[in-house]
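The values are calculated or read from the model by the stated rules, or taken from the named source; none is laboratory data. Quick caveat: nothing in here was measured; it's all calculated off a predicted structure. Note: ideal-geometry Cβ built from the backbone for every residue, glycine included; neighbour counts use all protein chains shown. In case anyone asks, the SASA skips ligands and DNA or RNA and just uses the protein heavy atoms, side chains included. Shrake-Rupley method; radii C 1.70, N 1.55, O 1.52, S 1.80 Å.
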Amino acid sequence: MTIISLEGASAVGKTTTAEVLCDEFDAYRVPEVNVLFDTSKEDSTTWYFERQCDRWEIAIEREQEHDFVILDGDVLQPLWYNWIAHGLSHERADIEEFAPLDSIYRFYRKKLQDRAVGFPDGYFFLHTDTDSLRQRKNSDETRTRRNFESHLQFTTPQRHYFEQLQTQSPERVRFVHTQSIETNCSTIRANFPISDNRTDRYLLTVLDAMYDWAKRTTPT
């Protein structure tokens with residue numbers, strides 16, 4: 001029983017890759033927060049973080065019933081997303097909407113201690129060039145992908161974050177150059193499973209190291 005997470009830029013093929021893997025194996029896909037839950041203007045400032053913990057709970061429950069579980073997007077996403085958003089704040093008029101890094105870190109550290117959220121056993125970071133991402137976005141009529149061009153600015157610093165995570169936890173992170181859904185799946189199959197040690201999911205040392213790195217690193 002294993003939990004993996006697919007990450008990468010919008011339109012890189014995370015959801016389609018996860019769906020193909022679920023068709024091929026006895027796997028379960030946990031969708032993104034915005035797919036699973038309805039938002040409201042009255043939601044608390046930690047609402048989105050709490051829903052990520054709910055996604056983790058779903059993954060833990062479902063891994064008892066399936067060969068493996070696929071998180072369609074990182075449950076720790078607010079940590080790196082808000083780090084990037086604040087780093088690019090001179091280009092974002094809505095920066096007030098993004099919680100500061102230290103408050104997100106404190107939230108996740110407590111949840112990690114309580115095992116209410118964790119690191120997946122393996123990350124597969126899907127990546128390609130921006131022209132290919134635009135082509136895929138334009139050819140996919142099933143999703144609007146709001147703020148797509150703005151999110152393209154996140155692509156490089158997001159990869160830097162996961163490169164650093166690979167430094168902290170080498171067996172946990174793999175990079176997949178997305179030429180096609182078929183090559184995505186074949187690469188994931190060839191590198192799966194990554195870890196059998198379930199206690200590695202709750203290593204505070206990894207979270208602490210990523211927070212310390214993010215504090216002293218400007219997203220570029």
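If you check 162, 192, 148, 154 for being surrounded by 12 or more Cβ atoms within 10 Å (Cβ to Cβ), at pLDDT 95 or above and at negative phi, only one passes: 162. Is it true that some residue in the range 14-29 is farther than 19 Å from residue 162 by Cα, open to solvent by 40 Å² or more (accessible area, probe 1.4 Å) and touching a strand residue (DSSP E or B) at 6+ places or on another chain (Cβ under 6 Å)? Yes, the range 14-29 contains a residue that is farther than 19 Å from residue 162 by Cα, open to solvent by 40 Å² or more (accessible area, probe 1.4 Å) and touching a strand residue (DSSP E or B) at 6+ places or on another chain (Cβ under 6 Å). When the range 144-179 is filtered for residues that are assigned to a loop (DSSP other than H, G, I, E, B) and either touching a residue at least 24 places away in the same chain (Cβ under 8 Å) or under 13 Å from residue 12 (Cα atoms) (or both), the ones remaining, listed by number, are 145, 153, 154, 169, 178, 179.
Taking residue 59 as the residue in question, decide whether it is under 22 Å from residue 111 (Cα atoms), among the small types (Gly, Ala, Ser) and buried (at least 19 other Cβ atoms within 10 Å of the Cβ). Yes; evaluated as a whole, the condition is true for this residue. With respect to the stated conditions, residue 86 fails to be assigned to a helix (DSSP H, G or I) and modelled with pLDDT of 95 or more. Return the pair list, or none, for Cβ contacts closer than 7 Å from residues in the range 69-90 that are touching a residue at least 40 places away in the same chain (Cβ under 8 Å) and closer than 15 Å to residue 151 by Cβ to residues that are assigned to a helix (DSSP H, G or I) and of a type in the set (D, E, K, R), at least 6 apart or on different chains. Within 7 Å, the pairs are 73/14.
Quickly run through the range 93-129 and pick out the residues that are open to solvent by 40 Å² or more (accessible area, probe 1.4 Å), at pLDDT below 90 and assigned to a helix (DSSP H, G or I). If the condition is that a residue be open to solvent by 40 Å² or more (accessible area, probe 1.4 Å), at pLDDT below 90 and assigned to a helix (DSSP H, G or I), then 96, 97 are the ones that fit.
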